[in-house]
Amino acid sequence: MSLWPGKVTLDNYINGWSGFSGASFAIFFRNSLLIAMVAIIGNVFSCSLTAYPFARMDFPLKKLLFGMMLMTIMIPEHVLLIPQYIMFNTFGWVNTYLPLLVPRFFAVNSFFIYLMIQFVRSLPKELDQAATVDGCSRLQIYWKLILPLSMPVLVTAMIFTFISTWNDFLHPLIYISEVKHFTVSLGLSLFITSGEGKSEYSQLFAMSMLSLIPLLTVFVFFQRYIVDGIATSGIK
């Protein structure tokens, strides 16, 4: 017995990449990337659009709604699974990506909303007043002023959304049943109970290594934005 392999081979990578039931692991990567990219767009747009009024505007029941928004953070996600499944099944969305993507466009993540509210509050209000004097509407201030200045917290939200979506196993498991629609997390689970009734742990480890590459790439290139976004440092 030795810690060093007696023979170096790429067979596990080659066999694992071939996938199952005519769906290669390239399809699983494509599906996960598609879901992650759409989720990022929906999450960042909806959460930032929701955070802007809380941070910059006064409206009736603002404190009550803000408190209710924070309370949703304390609700276990698993409590919502059954009612959400019943609702999405009524819509005919089961075995599609819609249950994974549509909620992202309705600001369902209170953590990101709160993070963006704190960051926008750190920006000088004089900027809004100057933009108003120049004739900008609320929507123009949000789009042309707040969003560009909020880039650190927006990138932070993008990174966390990508990581959580890429690693998500439970929701795709519930809503997706066809192998050709599987994500990387579901594709990895196929190696544990393959069609031949045995577990291919060597191929599982090989594909697990490949599945880490997008996460490591995103973290290495955007890690400095995480600190800037969470610190809510405002304009430097």
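Annotations for the structure displayed:
- Of all residue pairs spaced 6 or more apart or on separate chains, those with beta-carbon atoms under 9 Å, a first member in region 121-135 that is among the hydroxyl-bearing types (Ser, Thr, Tyr) and at pLDDT below 90 and a second member that is surrounded by fewer than 14 Cβ atoms within 10 Å (Cβ to Cβ) and outside any helix (DSSP H, G or I) are Ser122/Ser233; Ser122/Ile235.
- Within region 178-190, restricting attention to residues that are in a loop (DSSP other than H, G, I, E, B) and within 21 Å of the chain's Cα centre (by Cα), the residue that is surrounded by the most Cβ atoms within 10 Å (Cβ to Cβ) is Thr183.
- Under the condition of being of a type in the set (A, V, I, L, M) and either more than 31 Å from the chain's Cα centre (by Cα) or exposed (fewer than 13 other Cβ atoms within 10 Å of the Cβ) (or both), the residues counted in region 117-135 number 3.
- Residue that is surrounded by the fewest Cβ atoms within 10 Å (Cβ to Cβ), among those in region 89-101 that are in contact (Cβ under 8 Å) with a residue 12 or more places away in the chain and of a type in the set (A, V, I, L, M, F, W, C): Val94
- Only one of the numbered conditions (1) open to solvent by less than 20 Å² (accessible area, probe 1.4 Å); (2) touching a residue at least 24 places away in the same chain (Cβ under 8 Å) is violated by Leu147, and that is (1).
- Residue check for Phe54: open to solvent by 30 Å² or more (accessible area, probe 1.4 Å), under 30 Å from Leu123 (Cα atoms) and of a type in the set (Phe, Trp, Tyr): no
- Look at (1) under 19 Å from Gly42 (Cβ atoms); (2) exposed (fewer than 15 other Cβ atoms within 10 Å of the Cβ); (3) out of contact with any helix residue (DSSP H, G or I) (no Cβ under 7 Å at 6 or more places or on another chain); (4) modelled with pLDDT of 90 or more and you find that Phe160 fails only one, number (2).
- Any hit, region 61-80, residues being surrounded by 12 or more Cβ atoms within 10 Å (Cβ to Cβ), within 27 Å of Val179 (Cα to Cα) and either more than 14 Å from the chain's Cα centre (by Cα) or modelled with pLDDT under 95 (or both): yes
- Check on Ser32, surrounded by 15 or more Cβ atoms within 10 Å (Cβ to Cβ), over 30 Å from Asn12 (Cα atoms), of a type in the set (S, T, N, Q) and under 23 Å from the mean Cα position of the chain (by Cα): no
- Number of the condition not met by Thr193 [criteria: (1) at pLDDT 90 or above; (2) open to solvent by 60 Å² or more (accessible area, probe 1.4 Å)]: (1)
- Scanning region 102-116 for residues that are over 14 Å from the mean Cα position of the chain (by Cα) and open to solvent by less than 40 Å² (accessible area, probe 1.4 Å) gives Leu115, Met116.
- Residue check, Leu215 out of contact with any Gly (no Cβ under 9 Å at 6 or more places or on another chain) and over 30 Å from Ile86 (Cα atoms): yes
- Among residues of region 10-38 that are in contact (Cβ under 8 Å) with a residue 40 or more places away in the chain, those with a beta-carbon under 8 Å from a residue that is acidic (Asp, Glu) at least six positions away or on a different chain give the pairs Asn15/Glu200; Gly16/Glu200.
The values are calculated or read from the model by the stated rules, or taken from the named source; none is laboratory data. Since we're looking at a predicted model, the values are computed, not measured. Neighbour counts run over all protein chains shown; Cβ positions are idealised from the backbone, glycine included. The accessibility values were calculated without ligands, DNA or RNA, using every heavy atom of the protein model including side chains. Shrake-Rupley method; radii C 1.70, N 1.55, O 1.52, S 1.80 Å.
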